[in-house]
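What follows draws every value from the coordinates through simple rules; no lab data is involved. Treat the numbers as computed from the prediction; the structure is a model and nothing was measured. FYI the Cβ positions are ideal-geometry reconstructions off the backbone, even for glycines, and counts take in every protein chain you see.
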Amino acid sequence: VSSVDLTNIAWSLAELAIEAGPLVEAVSADVVGRRLADLGPQELGYWLWAFTRTGVDSAELLGAISRDAAIRASDLGVQEIVSLLSSLARQATDASEARHRLLVTLADEISCRAMELGAQQMAMVVFALCKLGESSSSAVAAVLRAANNKLNTFVPADLANLAWTFAQSGTEAGGANLVAAVARLASQQAHSFPMHDFVSVASACATLALQDMELMQSVAARFLTNIHEVATQELSRMCWACSKLLYLDEELQQKLAGAAVQQMAEFQPAHLANIIWSCAKLTNKSEQLIDALCGTTMGRIEEFGAQNLANTVWSIATLNFTITEKMEAFVEHSTKKIAEFGPQGLANTSWAFAKMDQKFDDLMTAISEEARAKAAEFEPQNLSNTLWAFATLRIEDEDLMWTLSGRTIEKMGECTCRDLASTCWAFARIHMQHPELVAVISASTARHMAEFEAKGLSNCAWAFSVLELQNAGLMNSLAAE
């Protein structure tokens, strides 16, 4: 059997996600170990991909492939370079010298030959390099320059793909400039831009918080004209983009709500969560839409992941609705999935139930246990929201309060005035003394007093009084403010 045929077999097994690691490793030992010169760059990329997908972890084989590819890099075509980069990006983190040398070699080739890349290749290169931790590299900058130079030659699908890739990639300001340029082109070519691509450009702008009123008005006009032809994914993404950019258009919101109700059965869980989150951000309290969203959500709750669950309950609370008896499955599923929640999901979920004044003991106990286990990952807003939530529900969980307060003291320099006020209010609410925490919060409050809102100052003054802070100077200053 030829080396190429064996390579194709290994790639096929990997693509089908068949558990064939031992077979792939055995075949690769022969092909890569003794017949490496028979393989072209595409086959080398296939082996990198096969190793990743089947869980083969052989530093020797990976090193051999990487060294050979690096030696031949200058003879490769741009598509072969792109394929190898994409294969590297798919691999698990590997800090080997050979792999790093291959990455550097391929990135250097891209820097020199960026103008040879097509739009899809540019997107693939940027995605791969950013995934490999090279978002600030000269290669990404070269691709960015090339993309800007060739922008007027790309079709709408290419423009949309590039904009979305740069928006998602975390590149420097140059990426935002390119997305803005694509948005201008999309507005100018509004009549010829397919709806899907139009929405992708709007989503890219929303991801980067780029306010382009002309683009949003153009997309909105297309939606209003063709609302009955809009697919579920486009509908969900448009709702999300409008909410991220706080684009307020009452007629558009009514049309989107009506279309969403009609297509409700076709939405995926992520779409449902996105739409109800969008309603919350834009304060769209369409009862028909919210009822339909909640009803559909309950019917498919087993499909919801942690982030969708957290976003949904946060949205319901923000809209001043409550979890009804019909939604008990939501609480049960959230409790079951609690280990998958990150710090923000835990904080948002506890905050939401506190805002709705609804205490479900099993869920709150699960949140407490998970929050204590993940306390080191919490940021100031996560900490203050969680502390506020438990205190609001009058849950006197001393282990949780002390664990999160310790993290709060560590992050005190990053706390906002709102974080300070919420945290000291929480301890005062349940009359839990914590002299060290009160001391550091009072000191920070004194330094930043001019930055507080009136409500925050009032909460601090009340909390310090309840917690018996002995600092007449600070209390007098708070009273004066």
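Below, the figures for the structure above:
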item: Hydrodynamic radius of segment 127-237 per Kirkwood, over alpha carbon pairs, in Å; result: 14.2
item: Partners for Lys355 among lysines (Cα-Cα distance below 20 Å; same-chain residues under 8 apart left out); result: Lys281, Lys285, Lys326, Lys455
item: Neighbour net charge for Asn274 - beta-carbon separation under 11 angstrom, K R +1, D E -1; result: +3
item: Environment charge of Glu379, counting only residues whose C-beta is closer than 12 Å and scoring Lys/Arg +1, Asp/Glu -1; result: -1
item: Potential lengthening between Ala339 and Asp108 on full extension [0.36 nm per residue; Cα-Cα distance subtracted]; result: 78.9 nm
item: Neighbourhood net charge (14 Å Cβ-Cβ; Lys/Arg +1, Asp/Glu -1) for Phe341; result: 0
item: Relative contact order (percent, whole number), the chain, Cα cutoff 8 Å, 6+ residue spacing; result: 7
item: Listed pairs Lys244/Lys359; Lys244/Lys337; Lys337/Lys374 exceeding 20 Å between Cα atoms; result: Lys244/Lys359; Lys244/Lys337
